[in-house]
1. Classify the stretch A:143-288 as rounded, prolate or oblate, taking a ≥ b ≥ c as the square roots of the eigenvalues of its Cα gyration tensor: rounded when a/c is under 1.5, otherwise prolate if a/b is larger than b/c and oblate if not.
2. Only loop residues by DSSP count here, and only those with at most 16 other Cβ atoms within 10 Å; note down the chymotrypsin sites (Phe, Trp or Tyr not before Pro) in the stretch A:110-161 that meet that.
3. Taking a ≥ b ≥ c as the square roots of the eigenvalues of the Cα gyration tensor of chain A, is the shape rounded (a/c under 1.5), prolate (a/b larger than b/c) or oblate?
4. At what distance in nm do the modelled label points of B:Val76 and A:Lys71 sit from each other, each positioned 7 Å from its Cα along Cα→Cβ?
5. For A:Gly238, which sequence-distant residues (separation of 5 or more, or a different chain) have an amide H within less than 5 Å of its own amide H, given hydrogens modelled in the peptide plane?
6. If we count other beta carbons within 10 Å of each Cβ, what is the order of B:Leu88, B:Leu257, fewest first?
7. Using a simple spin-label model with points 7 Å from Cα along the Cα→Cβ vector, what separation in nm is obtained for B:Arg48 and B:Arg186?
8. Measuring from centroid to centroid over Cα atoms, what is the spacing of the stretch A:37-95 and the stretch A:174-216 in Å?
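Rule-based calculations on the coordinates, nothing more; no lab input. Since the structure is predicted, the reported quantities are computational estimates derived from the model, not experimental observations. Here the Cβ positions follow ideal geometry from the backbone for every residue, glycine too, while neighbour counts run over all protein chains shown.
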Amino acid sequence: MRRRSSLPVTFLVPTLAILLVLSMVPTLYAIVIALQNRELSAPGYTWVWFSNFADLFVDRRFLNAVWVSVKWEIVTVVATMVVAIGLGVLMFEVAAPRLRNIYCLLFIIPVLLPRVSAAFVWKFAYHPLYGIATYPYRLITGGLIFDPLSKASTALFAVASVDVWQWGLFFAVIVLKLLETLPPQPIEAARLDHAKRWQIHAYVTLPMLKAPLISLMFVKMIESLRSFDLIYVMTRGGPGVATETLDMYAFSQGFIESGKVSYASAMAVLMMIATVITFTFLWKRVQA
Amino acid sequence: MRPYPIRPGRLIAKAILALAGFLAVFPLVWTALNALKNNVDIITRVPRLVFTPTLANISYILGRDSVLTGLYNSVVACGSAVLIGVALGLPAAYAVARYPNRFAGDIQFFVLSLRFLPPVAVAIPLMVIWLQVGLYDTLPALIVTYSLLTISVIMWLAIPAFQGVPKEVEEAAFVDGYGAYPVFWRIALPVAARSLAGAIAFSFVLVWNEFLIALMLSSSNAKTLPIVASELSQQGMNVPWGILNASVVLLSLPPLLFLGVLSGFLNSVFRQKKT
């Protein structure tokens, strides 16, 4: 039996207090800044209340950034899950245990890389003249130029491919481990009923893994919010504003172009409200 | 299980897997090769596999003051933040895991919700705050900011690790007259050590790879390695590609050192689930 002890208090209270201070101070301060008109170049400021927010809703570049962010979120989450489930099931079906271990190690490598490194690796690879990834295209077409990062129609997908390269392969390993934890009996039973391989997975194993797969998708949705490094290195939001997500636009408003810190902060506050509400709601659904 | 005859479907599946494995590492290998090339061997329309290797890029990188400062800043900032995360996160995780109270669920959700905060939303106000107190562009500012990340991540991952320690072991220690604190130090920590190492390694990789906050909180003195590497590229084609590739390799090596620890961590998480 555990006696009453001071341990939970001494272990928990300082940590939670520090976490609260470290998270609430910037959060509340972000709201304060958003209600002012601070600029990096000028020290003075006045309170402008909600005019930054009012400006945002008629700022077409902001509305574009919202749309790009939503596209980014959908493309990366869906593609990551498709790649992860596809490769996970394939490993489960055809790879012997030793080969599985090798694949697992290989598939974890990309996600460990700093996003900046991953972005550089692929920026070189996508170079239209000297890139290794565009080489097959040059070879087949006899030297035609394909520049995925500077075409508005392909840039977002080219950057997203790097995200999927990192997370899709990593999640494939997790899907495999999840499949390995399943009891073998239902799979055997389906086999005796002459179910095809893909049918077993579509109707037996994946439905059994519904809850962990949804959690996995939830994690990816959160991680996809952190697209800044990739986009900053690979396209800087370009060509034009084709890959300008919200954090990229907030950064360029606050730091590169005009130093409008308050305006950028207003954007960040809207993002914060949207993500906290969405993810709190989703988390409660996942837990229920 | 009955054996299956060789079928084209299986061959295609194996080919897809092999291709995926190749795609996982080849871009990195190619980057490492480019780090060993002279510029003439990189700027070619047909990729060159055979070339005369050079160490010039790597020695150039390691001789640059900016790179060495970045490396030093990264090591100090990430190392300190991880130590703070361990010192504060592990005890708190143990308390949540072993002394459940009615707030346990809320605490876990609070810790997770810190991950929902968009990095820009944290970085902009912090920049203004650090400017006002005169700590902008210093390592302490970066360490405090990163501690928020490391504490919450270590706590989040350590809770299941402590829950995985068999209760009977701890109960036996209590019967032997150990107090609550010695049970944590001498029993729970050593037994959970392997999973905890994974959690700590993960938090290190996370802050080592962090970019946006470091970019916003430093202007010259406190730049971390990712920032320095990204700046090299902004000089465009004036910087030989080999040097850029070498800096990418240097930046990527530390996280890859943890590959073994982290894949072991992954395995132990799922083994726990199975039993």
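1. Numbers: a/c = 4.02, a/b = 1.79, b/c = 2.24.
Oblate, since a/c reaches 1.5 and b/c is not below a/b.
2. Numbers: sites: A:Phe120, A:Trp122, A:Phe124, A:Tyr126, A:Tyr130, A:Tyr137, A:Phe146, A:Phe157; in loops: A:Tyr126, A:Tyr130, A:Phe146.
Loop-located and lightly packed - A:Phe146.
3. Values: a/c = 2.30, a/b = 1.25, b/c = 1.84.
Oblate.
4. Result: 4.3 nm between the two label points.
5. A:Thr243
6. Numbers: B:Leu88 23, B:Leu257 12.
Ordered from fewest to most neighbouring Cβ atoms within 10 Å, B:Leu88, B:Leu257 come out as B:Leu257, B:Leu88.
7. Inter-label distance under the simple model: 6.6 nm.
8. So the two Cα centres are separated by 34 Å.
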